[in-house]
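S.K.: Have a look at the structure that comes next, please.
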Amino acid sequence: MNRAWLTVDLEEWYHLDYLERAACEATGVRVVPQIFDFLDMLDDVGAKATFFCVGEIARENADILREIARRGHAIGCHGWDHVRLNKKDLVQFREETLRAREAVEAASGVRVIGYRGSCFTLERDKLEVLRELGFEYDSSKIRFAQHPLYRNLDLTGYDLVDDLVYRQDGFTEYEIPTLDIGKWSVPISGGGYLRLFPFWALRILLSLYAKKHQNFTIYVHPFELTPMKLPLPKTLDWKARFRCLVGRRRNLAKLKKVIRWLTKRGARFITMEQDRKERGL
């Protein structure tokens, strides 16, 4: 392995697409302030991460964003409210992206040049808007046709310059990897799948992946990095409850094992912005 990009979608637990947001938000329970154990773990293993922050929570978490920046991590934009982007037209997308970037920059004190679409729903026309607005990189592409929400971002005209890295005229796209087994794409890069698979299974899947690939991207969310109890709505069906709760209690320790496993095989955990600097962009 060569390079690894650990990414965090900095959002609240009530931003999950399958939860009743209003009821969850009203409970007053917040998970983003619990991020410090994760930051300490990154210091312990010597890894740097890229945090994509939802704009509407930036101000209330300004102290956390500034601490993230102080520890040498990169901060990007994750849209304004985490509503799927296929539900927004281009005018709304442009306005909300500008608003979100302004909020994240004001709260963090750093210039924001990176973006990730909510639920990986960024499409090509909105990618062009990002470029027009001066963003310099994005990480919204994932090949996972079996998932009902994700889009496979069209990168026609982009050059594949490295494993998982695409470029066109100085703009960089970082892909979220999946493992191809037969006709199926197996998600091994984060989210609920990282929580679901035990470490021994992840080790096997990552070993298969490493035989054909040099780079890797991981994505996680704050609610997956803390065991604190979430007051889920009583009306939530068992599937959604399982998706939300499975593997949370030991996930931070498991992620640490994954980072160390990849590091021992040569992977350097750097931010996407550091990666672009090393590539001369």
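S.K.: Within a 10 angstrom radius of the beta carbon, how do Ser108, Ser185, Ser139, Ser207 rank from fewest other beta carbons to most?
M.R.: So the ranking, lowest neighbour count to highest, is Ser207, Ser185, Ser108, Ser139.
S.K.: Placing +1 on the Cβ of each Lys and Arg and -1 on the Cβ of each Asp and Glu in the stretch 75-179, which of Val129, Leu155, His78 has its Cα farthest towards the positive end of the resulting dipole?
M.R.: Checked the options; the winner is His78.
S.K.: Given +1 on the Cβ of Lys and Arg, -1 on the Cβ of Asp and Glu, and no further charges, what dipole in debye does the chain carry about its Cα centre, rounded to the nearest 20?
M.R.: In total the dipole reaches around 1340 debye.
S.K.: Please find the FRET efficiency linking Ile181 to Asp17, where r is the Cβ-Cβ separation and R0 is fixed at 30 Å, and quote it to the nearest 0.05.
M.R.: Efficiency at R0 = 30 Å is approximately 0.70.
S.K.: Once fully extended, how much extra length lies between Ala62 and Arg94, figured as 0.36 nm per residue of separation less the alpha-carbon to alpha-carbon distance?
M.R.: 9.2 nm
S.K.: Mean separation of Cα pairs under 8 Å and 6+ residues apart, divided by the residue count of the chain: what relative contact order is that in percent?
M.R.: 26
S.K.: Helix-only estimate, please: 222 nm mean residue ellipticity of the chain, summing -39500 (n - 2.57) across DSSP H runs of length 4 or more and dividing by its residues, to the nearest 500.
M.R.: -10500 deg cm²/dmol
S.K.: Just to be sure I understand: with springs between alpha-carbon atoms less than 10 Å apart, which residue in Arg124, Arg101, Arg143 has the highest mean-square fluctuation in the Gaussian network model of the chain?
M.R.: Residue with maximal mean-square fluctuation among Arg124, Arg101, Arg143: Arg124.
S.K.: With both partners inside the chain, how many of the DSSP beta bridges are antiparallel, as a percent to the nearest 5?
M.R.: 30
S.K.: Report the FRET efficiency, 1/(1 + (r/R0)^6), for Leu205 and Leu281, where r is their Cβ-Cβ distance and R0 is 30 Å, rounded to 0.05.
M.R.: Calculated transfer efficiency: 0.45.
Each value in this text was obtained by applying a stated rule to the coordinates, not by laboratory testing. All values derive from a computational prediction rather than experimental measurement. All Cβ positions, even for glycine, are placed from backbone atoms using ideal geometry, and neighbour counts span all protein chains on display.
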